[in-house]
Every structure is written in structure tokens, then in C-alpha cells.
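Report on one structure; see the data block that follows.
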Amino acid sequence: MDSIALIEADFVEPGTVLRVDVDGFPPLAVFNLEGVYFVCDDTCSHGEASLSEGTIEGDRIECPWHNGQFCIRTGAALTPPAVRPIAVYPVTLKDGIVFIPANRSNP
Ligand code: FES
């Protein structure tokens, strides 16, 4: 399967998230949770907030606008006003680079 390179893994410090923009995808958020990388949509499903500007709490990201929370692992909306999930993407690490599949699939 074709993959698309997002970012050098070292750029994303443990416990942090960075927004990445690549052609053909909505804005993406790349998380490093204790050395494990996750990628999901960066735009909140409630409004247009950038989730990478939010707060990580364990494996949750809290939206900076209205404090809705999402599971970073599954994209599930966990607390109101967020009710719709966000897309998550399978992650591959190769040669220190974070990849996701080039073919986008919706949750
Ligand atoms: S924009 Fe994210 S909870 Fe409202």
C-alpha cells in the first residue's frame, strides 16, 4: 500500500502534538504518546478549532474552544459538545518518519 510521509518523528516530542498539512488530506494532528505515534484529523468535529492547539490528557485531546474531548487512539467523541468522531489514520514508522496510508478512508 502506498504511504505518505507526514513528519520526522523526532519533531514531535513525547506528550505533544503537531499539526501537519499534506496534499489530499484535511489538516492532520500527529501525536506522540510516550513514544507511540497517532494521527487524526486536526479539525474538531464540533467547530473549526484546531485540536493540535488543545490539551492532551492521557490518551485524550481536549478541544481548545469548547473543551470537547476525543480519544486520540480511536477518534471517538468522549465529552460534549463533541458528539461526532474524528478520523484516525493507521500509522507506520519507517526510518524515523511518520507515515499514513496514501489512500484516505473515512471512519
Ligand atoms: S469546536 Fe471543538 S468542542 Fe467546539
Next item on the list: Could you run through the range 77-107 and say how many residues are surrounded by fewer than 16 Cβ atoms within 10 Å (Cβ to Cβ), more than 16 Å from the ligand (Cβ to nearest atom) and of a type outside the set (S, T, N, Q)?
Entry: 10
Check: within 16 Å of the ligand (Cβ to nearest atom) and modelled with pLDDT of 95 or more: does that describe GLY15?
Finding: no
Notebook entry, point to check: If you scan the range 26-44, which residues turn out to be in contact with a Gly (Cβ under 8 Å, 6 or more places away or on another chain) and within 9 Å of the ligand (Cβ to nearest atom)?
Noted result: CYS44
Note to self: Going residue by residue through the range 92-107, is there one that turns out to be under 19 Å from ASP21 (Cβ atoms), of a type in the set (Val, Ile, Thr) and under 10 Å from the mean Cα position of the chain (by Cα)?
What the structure shows: no
Notebook entry, point to check: In the range 49-89, which residues are out of contact with any Pro (no Cβ under 6 Å at 6 or more places or on another chain), farther than 17 Å from THR16 by Cα and outside any strand (DSSP E or B)?
Noted result: TRP65, ASN67, THR74, PRO80, PRO81, ALA82, VAL83, ARG84, ILE86
Check: Quick check, is GLY47 in contact with a Phe, Trp or Tyr (Cβ under 7 Å, 6 or more places away or on another chain) and at pLDDT 95 or above?
Finding: yes
Item checked: SER105 modelled with pLDDT under 95 and either of a type outside the set (Asp, Glu) or part of a loop (DSSP other than H, G, I, E, B) (or both) -> yes
Check: Residues of the range 11-48 being buried (at least 17 other Cβ atoms within 10 Å of the Cβ) and not in a strand (DSSP E or B), which ones?
Finding: VAL12, PHE25, ASP42, CYS44, SER45, HIS46
Item checked: Sole residue being surrounded by fewer than 16 Cβ atoms within 10 Å (Cβ to Cβ) and more than 13 Å from the ligand (Cβ to nearest atom), chosen from THR74, THR55 -> THR74
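The values are calculated or read from the model by the stated rules, or taken from the named source; none is laboratory data. Computed from a predicted model, the values in this text were never measured in an experiment. Don't worry about glycine lacking a Cβ; one is built from the backbone with ideal geometry, like all the others, and counts go over all protein chains shown.
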